[in-house]
Amino acid sequence: MASPKVAVVGAGVIGLSTALCITEACPSCSVTVLSDQFSPNTTSDVAAGMLIPHTYPDTPIHRQKQWFQETFTYLFAISNSAEASEAGIHLVSGWQVFKSTPKEEFPFWSDIVLGFRPMSEAELQKFPQHRFGQAFTTLKCDCPPYLLWLENRLKAAGAQMYTRKVADLWELHSEYDIVVNCTGMGAHQLVGDKQLFPVRGQVLKVHAPWVKQFIRDGDGLTYIYPGIHKVTLGGTREKGSWSLSPDAGTTRDIFDRCCSLEPSLQGAQDIEVKVGLRPSRQCVRVQREVLSQGGVKLPVVHNYGHGAGGFLVHRGTAKEAAHLVEECISALQGSSSRAKL
Amino acid sequence: MRVAIIGAGVIGLSSALCIHEQFHSLLPSLELEVYAEHFTPHTTSDGAAGLWQPYLSDHGNLQETLWNKETFDYLLGHLHSSAAKEMGLFLISGYNLFTEPVPDPSWKNIVLGFRNLTPKELELFPGYSYGWFNTALMLEGRSYLPWLTNRLTQRGVKFFHKKVESFQELFSQGVDVVLNCSGMRSGDLQPDPELQPGRGQIIKVLAPWVKHFIITHNLKSGIYNSPYVIPGSEFTVLGGVYQHGNWSEENSAKDHKSIWDNCCRLLPALQKAKIVGEWSGLRPARPSVRLERESIRLGNVQAEVIHNYGHGGFGITIHWGCAVAAARLFGSILQEKKQLATRPGPRL
């Protein structure tokens, strides 16, 4: 197979990074990204892109750690380069505070982020309702810049991108040799995955340029993440809610919770409200599958279900998916050479 | 009781506020007047980035370290107040970088979370093999000075835009006590060979992705003669010039190039940053801060001057501790003039 034609469906952080990894792993592949939405209208654009892990319940810790490590290393190199501002990748320091002391003093990611240590008594005084905290420096991927940067890298690598609503993966079988499914929440409909469910998140993006540090409540519900131009205030975790409409009461509640952690936010301006549906699953689906109809086969690689951790593990899962694509190519070449006999 | 403050930078305004806060209710006749040639946004304090950080070593000057601590704690206490944003006050973390190990600074226990840099962090800064990380405060003069001015105006303090030529001039108008907070220009009022300019130049850029301060140190070339990057609320300050004895307030093309090249080497992404301004200023440098009383005989009157100048490149860092000390000196003047009823004590 001289130039395998690969279609990547989905143009959020998972689709674009997976497409990029495929161009890197398989330079002879012709890669096309198909999506009904591109930045700034993807779920990834709503996310703050803050690299502070939480845990996928059904994925072994070592695998999550490897994905996170690969992602962090990749982004760290970009943040340290001349492209950092264009790619929207920057270091942020801050605090994660807990009302009750967590079970693990040193979570699995504590040696991947920079300078991880427990907060001092003096630092905790700023948070009278919290009794324990962690201080560290991590990375933030601002969107749209990061997605636009990925799109530019893809174009430079010769990949094509088209706005197209794919209703059924099978419709691509005549044009492409391999299909990569990075449709996030869309996989619920597209491949009928009933294990996939939305966890609705509402956030505020505000102008508060004096906020240089992140603050996150260990319960994961309240957070303040300073981005390049705006600070993301969050949030909510509404399991099973499909609504993409902002809720005014929720806006008020998020604002109040964040102001209690950082009172100066009372002076925030230009408040924008955004909603995204985290494509959640007990574990991320990074898996090969072969669809077949009437003797015709279509290899598919799935890479979706990253829930709240899309940015955290995107490079790691993208590389794994690209590796699965290489396996598909080998299988196709194997079967095509068998066919010649 | 007329008190004149000469100078409307961070030292003059904060000293005035401290004195008014402490004495106006005890002394109904207290009248404060601020005289200055320059007001915000044209003072030295306005040009400074506003990072709270003393020099590396206090050279055994424990008093200055205490004033620094008093200032930090005072500001930290205001962080959660509704005034913080208006004051230009916010938390910021960052890096101090060295090419060799150095002793911990006098302020390591004043700031929050002080620690050494890990090897992975040092990878960010090729050429530097040692460093510190800590969380400190920013107090932007562009906001703080107007805030102080508003507080003072609310309290009925009067402002006069004029260059005072001598202490005499004020005393002959009936001023009782003068606070000399004239920074770099103190030598015009009373010669002081120990006061010398420490010229600085900065480039202001838009680089909102930079969230940390980064201060490099070159022990041979001296403090602030090595690149630094300090992100503010509206723009990021690039610097790294300290020229002792240079009185020029003109921007130098040579200094611009050296600041730009060095900072871009430190943070390559700065090459994409848009330059929005440039400024030069004179740090009022002195081997130690002059904070003391001086009695001047004028005819048959004893005139009192409180000197509070010579804060070099750490004026914002030390200002409140000095303001409190200046207020204490003022209190002792009032006691001597029997202006203050002394508290009834045990009769022995």
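Can you tell me how many residues within the range A:148-180 are open to solvent by less than 70 Å² (accessible area, probe 1.4 Å), closer than 29 Å to A:Tyr225 by Cβ and out of contact with any helix residue (DSSP H, G or I) (no Cβ under 6 Å at 6 or more places or on another chain)?
2
With the requirement that a residue be open to solvent by 40 Å² or more (accessible area, probe 1.4 Å) and among the β-branched types (Val, Ile, Thr), what does the range A:1-46 give you?
Hit for the range A:1-46 is A:Thr43, nothing else.
Can you report the number of residues in the range A:195-217 which are assigned to a strand (DSSP E or B) and either more than 14 Å from every other protein chain (Cβ to nearest Cβ) or over 20 Å from A:Pro53 (Cα atoms) (or both)?
The number of residues fulfilling the criteria is 13.
Output the number of residues of the range B:121-146 satisfying the condition of being surrounded by fewer than 23 Cβ atoms within 10 Å (Cβ to Cβ) and out of contact with any strand residue (DSSP E or B) (no Cβ under 9 Å at 6 or more places or on another chain).
4
Can A:Gly94 be described as modelled with pLDDT of 95 or more, open to solvent by less than 20 Å² (accessible area, probe 1.4 Å) and within 14 Å of chain B (Cβ to nearest Cβ)?
In short, yes.
Within the range B:81-103, track down each residue that is open to solvent by 70 Å² or more (accessible area, probe 1.4 Å) and more than 20 Å from the chain's Cα centre (by Cα).
Correct list: B:Ser82, B:Thr99, B:Glu100, B:Pro101, B:Pro103.
Based on this model, can you work out whether A:Glu83 counts as surrounded by 13 or more Cβ atoms within 10 Å (Cβ to Cβ), in contact (Cβ under 8 Å) with a residue 40 or more places away in the chain and at the interface with chain B (Cβ under 10 Å from one of its Cβ atoms)?
So A:Glu83 fits the description; yes.
Of everything in the range B:28-58, what is in contact with a helix residue (DSSP H, G or I) (Cβ under 9 Å, 6 or more places away or on another chain) and either surrounded by fewer than 17 Cβ atoms within 10 Å (Cβ to Cβ) or without any contact (Cβ under 8 Å) to a residue 60 or more places away in the chain (or both)? Give them in sequence order.
B:Leu30, B:Glu37, B:His38, B:Pro41, B:Asp58
Kindly indicate the residue of the range B:104-114 that is within 13 Å of chain A (Cβ to nearest Cβ) and surrounded by fewer than 16 Cβ atoms within 10 Å (Cβ to Cβ) and also nearest to B:Phe133 (Cα to Cα) among those meeting that condition.
Per the stated criteria, the residue is B:Lys108.
Please verify whether the range B:212-233 includes one or more residues that are in contact (Cβ under 8 Å) with a residue 24 or more places away in the chain and over 20 Å from B:Gly131 (Cα atoms).
Yes, the conditions are met somewhere in the range B:212-233.
Restricting to the range A:100-132, name every residue that is over 23 Å from the mean Cα position of the chain (by Cα) and under 12 Å from B:Gly113 (Cα atoms).
Scanning the range A:100-132 gives A:Gly115, A:Arg117, A:Pro118, A:Met119, A:Ser120, A:Glu121, A:Ala122, A:Glu123, A:Leu124.
Could you tell me whether any residue of the range B:250-262 is touching a residue at least 12 places away in the same chain (Cβ under 8 Å), of a type in the set (A, V, I, L, M) and either closer than 30 Å to A:Asn80 by Cβ or within 14 Å of another protein chain (Cβ to nearest Cβ) (or both)?
Checking the range B:250-262: at least one residue is touching a residue at least 12 places away in the same chain (Cβ under 8 Å), of a type in the set (A, V, I, L, M) and either closer than 30 Å to A:Asn80 by Cβ or within 14 Å of another protein chain (Cβ to nearest Cβ) (or both).
Each row is one residue, and each column tells you yes or no for (1) without any contact (Cβ under 8 Å) to a residue 24 or more places away in the chain; (2) of a type in the set (Lys, Arg); (3) within 8 Å of chain A (Cβ to nearest Cβ); (4) in contact with a Ser or Thr (Cβ under 8 Å, 6 or more places away or on another chain).
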{"residue": "B:Val102", "(1), (2), (3), (4)": "no, no, no, no"}
{"residue": "B:Asn116", "(1), (2), (3), (4)": "yes, no, no, no"}
{"residue": "B:Pro119", "(1), (2), (3), (4)": "yes, no, no, no"}
{"residue": "B:Gly127", "(1), (2), (3), (4)": "no, no, no, yes"}
{"residue": "B:Gly131", "(1), (2), (3), (4)": "no, no, no, no"}
{"residue": "B:Thr135", "(1), (2), (3), (4)": "no, no, yes, yes"}
{"residue": "B:Leu139", "(1), (2), (3), (4)": "no, no, no, no"}
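Does at least one position in the range B:60-80 carry a residue that is within 12 Å of chain A (Cβ to nearest Cβ), open to solvent by less than 20 Å² (accessible area, probe 1.4 Å) and part of a loop (DSSP other than H, G, I, E, B)?
Checked against the condition, which is being within 12 Å of chain A (Cβ to nearest Cβ), open to solvent by less than 20 Å² (accessible area, probe 1.4 Å) and part of a loop (DSSP other than H, G, I, E, B), the range B:60-80 yields at least one hit.
Pick out, from the range A:218-297, the strands (runs of 3 or more DSSP E) lying fully within it that include 1 or more residues that are out of contact with any helix residue (DSSP H, G or I) (no Cβ under 7 Å at 6 or more places or on another chain) and open to solvent by 70 Å² or more (accessible area, probe 1.4 Å).
Per the criteria, A:269-280, A:285-293.
Determine whether B:Val276 is open to solvent by 60 Å² or more (accessible area, probe 1.4 Å) and assigned to a strand (DSSP E or B).
yes
Could you please let me know if A:Gly49 is crowded, with 17+ Cβ neighbours inside 10 Å, more than 14 Å from chain B (Cβ to nearest Cβ) and at positive phi?
Criteria not met by A:Gly49.
Only one residue in A:Phe116, A:Phe127 is more than 30 Å from A:Leu16 (Cα to Cα), within 14 Å of chain B (Cβ to nearest Cβ), free of Cβ contacts under 8 Å to residues at least 24 places away in the same chain and open to solvent by less than 40 Å² (accessible area, probe 1.4 Å), so which one is that?
Only one candidate qualifies: A:Phe116.
Pick from B:Arg293, B:Arg328: which is outside any helix (DSSP H, G or I) and open to solvent by 10 Å² or more (accessible area, probe 1.4 Å)?
Only one candidate qualifies: B:Arg293.
The values are calculated or read from the model by the stated rules, or taken from the named source; none is laboratory data. Worth saying up front: this structure is predicted, and the values here are computed from it rather than measured. Please note: Cβ atoms are built from the backbone with ideal geometry, for glycine as well, and neighbour counts cover all protein chains shown. Ligands, DNA and RNA are excluded from the accessible area calculation, which covers all protein heavy atoms including side chains. Shrake-Rupley method; radii C 1.70, N 1.55, O 1.52, S 1.80 Å.
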